[in-house]
């Protein structure tokens, strides 16, 4: 008995990378520009202390004092402190003074 003959279009397989999906084996299954970005995974940007101090118009030392007393929320990553930009915006809104009429 002989095995049945199977015809294979080798040229078509080489164009598609050999897979049934039509993708080259070197093409990723996802768009690398879209996956893993902060926006796509629901994360917000974390800012470094010099940037936050500059945004608030205060010294880094004053920012550290406000952070150390718990007034401004921060995120610790190892030995580094980062500030969530949304937390900073909320802190600014909470600390705005409302004018009063006399």
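No value in this document is a laboratory result; all are computed from the given coordinates. Quick caveat: nothing in here was measured; it's all calculated off a predicted structure. Ideal geometry is used to build each Cβ from the backbone, glycine not excepted, and the neighbour counts take in all protein chains shown.
Brief remarks follow.
- The modelled label-to-label distance for the pair residue 97/residue 65, using points 7 Å beyond Cα in the direction of Cβ, is 1.7 nm.
- By the count of other C-beta atoms within 10 Å, a proxy for reagent exposure, 87, 54 are ordered fewest to most as 54, 87.
- Sorted peptide list for 89-95, 60-66, criterion being average Cβ within 10 angstrom, highest first: 60-66, 89-95
- Likely footprinting exposure, 74, 59, fewest C-beta neighbours within 10 Å first: 59, 74
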